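The values are calculated or read from the model by the stated rules, or taken from the named source; none is laboratory data. Quantities reported herein were computed from a predicted structural model and do not represent experimental measurements. Here the Cβ positions follow ideal geometry from the backbone for every residue, glycine too, while neighbour counts run over all protein chains shown. Calculation scope for accessible area: heavy atoms of the full protein, side chains included, ligands and nucleic acids excluded. Shrake-Rupley method; radii C 1.70, N 1.55, O 1.52, S 1.80 Å.
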Amino acid sequence: MKIVVVGTGYVGLVTGACLSEVGTDVICVDVNVNKIEDLRKGILPIYEPGLDDLVVRNSSKGRLHFSTQLEEAIVGADVAFIAVGTPQGEDGCADLQYVLQVARTIGNHMNGYLVVVTKSTVPVGTGAKVKETIARALKERSANIDFDVASNPEFLKEGAAVDDFLKPDRIVIGVESTRAQTLLHHLYDPFVLNGHPILFMDICSAEMTKYAANAMLATKISFMNEIANLCDLVGANVNEVRKGIGSDMRIGTRFIYPGIGYGGSCFPKDVKALIKTAEQNDYPLRILTAVDTVNEDQKKVIIRKVNKHFDNDFNGKTFAVWGLAFKPNTDDMREAPSITIIDALLEGGATVQAYDPVSMKEAKHIFNGKVLLTDDAITATKNADALILVTEWPEFRLPDWEVIQSNMEKSVIFDGRNIYNAVEMKEIGFEYYGIGISR
Ligand code: NAD
């Protein structure tokens with residue numbers, strides 16, 4: 001089976017590499033020439049555990065190819081996945097220009113029956129637009145070629161993307177023909193040998209499923225963040241509350257860890273896009289609107305605590321910041337809370353010394369010399385008036401506190417992810433601020 005994957009970002013590259021791993025012939029296409037040249041040399045544009053092995057192995061076996069020419073790649077393809085970005089447009093809606101551009105090129109150059117699968121996260125109704133775009137392109141060149149469209153939203157988690165793709169909890173596929181369903185069932189069969197389901201449904205429902213999943217997860221996070229903020233005010237410990245509610249099977253233990261707000265390339269934009277879709281249908285989503293507002297506010301919770309500790313004046317102070325990626329095991333800093341926090345510190349006249357195990361290249365680009373980026377976590381604490389833990393990378397869990405204390409001007413820690421034990425930290429001699437566990 002010949003597969004084309006358009007867009008070689010977090011989703012497209014993982015999709016292409018994993019599909020080639022089960023023996024199909026895959027061409028990954030991107031408009032970014034440098035990315036494609038690097039990938040041909042085995043250099044990956046992103047950090048994703050296990051992905052480099054897959055790319056190098058399958059490229060060397062001749063099953064995985066990289067190209068900038070969709071026009072050529074699409075010839076003879078059985079399935080084309082669209083995995084390009086759908087960034088937030090100015091009005092909050094998902095910007096579909098890249099998806100539809102790709103659909104047009106496919107329509108202009110396909111030469112036989114093809115299933116065009118949208119993997120990008122797109123609003124309900126996009127499948128129909130993709131179909132219309134391809135049909136129009138075919139008509140313009142008087143080509144009478146049969147094709148189907150399908151929706152196959154991606155649920156992978158950055159940092160565990162390869163595992164999620166190879167062993168998914170479920171695969172959701174929206175189709176409108178038996179021919180497309182049979183082909184995609186065949187393609188995905190090797191990934192559900194664990195017995196997990198492939199859920200076939202109509203295209204609108206598949207598109208909606210992706211937004212509903214992200215909206216539900218974002219809701220759990222914002223809900224728990226509000227409970228944590230209230231715990232702070234009433235003197236309760238949210239860590240205990242979390243365990244207390246998480247042991248209820250109806251609630252579950254996952255996604256109820258309070259923190260400094262969700263970030264990344266998906267939750268913020270997908271929540272906003274779903275709110276927009278609802279508005280366009282005259283049905284404002286009140287819960288989700290609050291989820292979004294709470295999240296924006298939560299990114300500032302650490303700054304509020306910093307302000308309180310330093311009597312609203314941290315001008316001239318030095319802060320060590322640990323973790324810049326929006327979550328561990330990725331180098332992705334899109335919408336990362338670290339950016340909001342660091343911007344506020346710099347605005348208040350502070351100096352920032354920061355470290356992240358894999359996002360330093362990205363951070364250099366974002367902060368453009370305004371932040372001192374250190375080679376390791378300990379160096380970031382030199383002469384710091386406080387340490388702020390932003391991303392809970394494993395290597396930050398058990399640091400040498402003695403060395404850190406001797407490095408720092410003052411022993412103050414703001415733990416944005418509640419990874420340290422408040423009592424222990426106080427015993428060591430730190431003034432400790434967590435989320436929802438201290439007054
Ligand atoms: P990304 O920004 O990492 O990658 C997108 C890629 O598409 C880029 O390399 C870009 O150069 C390429 N591209 C843009 N226009 C193109 C065109 N016309 N032809 C060929 N290539 C083109 O994006 P991503 O994080 O992989 O996300 C892709 C889609 O998947 C988005 O809709 C996103 O919401 C969704 N998604 C992302 C994740 C995630 O964790 N990142 C998870 C699930 C779904």
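For Ser59, the solvent-accessible surface computed with a 1.4 Å probe is close to 40 Å², ligands and nucleic acids excluded.
For Ile419, the accessible area of its heavy atoms, probed at 1.4 Å with every protein chain present, is near 40 square angstrom. Shown for the chain: the carbon plus sulfur share of the solvent-accessible area, taken with all protein chains present and a 1.4 angstrom probe, equals 51%. The residues of the chain present an accessible area of 45 Å² per residue when probed at 1.4 Å with all protein chains retained. When the square roots of the Cα gyration tensor eigenvalues are ordered a ≥ b ≥ c, the ratio a/c for the stretch 33-159 is 1.5 or more and a/b does not exceed b/c, which makes its shape oblate. Within the chain, the whole DSSP H helices whose Cα atoms reach 27 Å or more along their own axis and whose mean Kyte-Doolittle score is at least 0.5 are 203-234. Residue order by solvent-accessible surface for Val192, Val124 is Val124, Val192, largest first, with ligands and nucleic acids left out and a 1.4 Å probe.
A convex hull fitted to the Cα coordinates of the chain yields 155 cubic angstrom per residue.
Taking every C-alpha pair closer than 8 Å and separated by at least 6 residues, the mean separation divided by the residue count of the chain gives a relative contact order of 12 percent. When all protein chains stay in place and ligands, DNA and RNA are ignored, the 1.4 Å accessible-area order of Lys382, Lys317, largest first, is Lys382, Lys317. Label reach from Leu398 (point 7 Å along Cα→C-beta): in the stretch 414-434, amide nitrogens under 15 Å belong to 420-421. Each Cα pair under 8 Å and six or more residues apart adds its sequence gap; the mean of these over the residue count of the stretch 259-346 is a relative contact order of 40 percent. Listed cross-link partners Lys327/Lys364; Lys305/Lys410; Lys2/Lys61; Lys299/Lys382 are compared with a 21 Å cut-off, the Cα-Cα value being larger for Lys299/Lys382.
For the chain, a Gaussian network of Cα nodes joined below 10 Å ranks Glu176, Glu158, Glu279 by mean-square fluctuation, and the top entry is Glu279. What does the convex hull of the alpha-carbon atoms of the stretch 326-422 project to on average, in nm²? In nm², the orientation-averaged hull projection of the stretch 326-422 is 5.9.
Ligands, DNA and RNA excluded, the heavy atoms of Trp401 present near 30 Å² of accessible surface to a 1.4 Å solvent probe.
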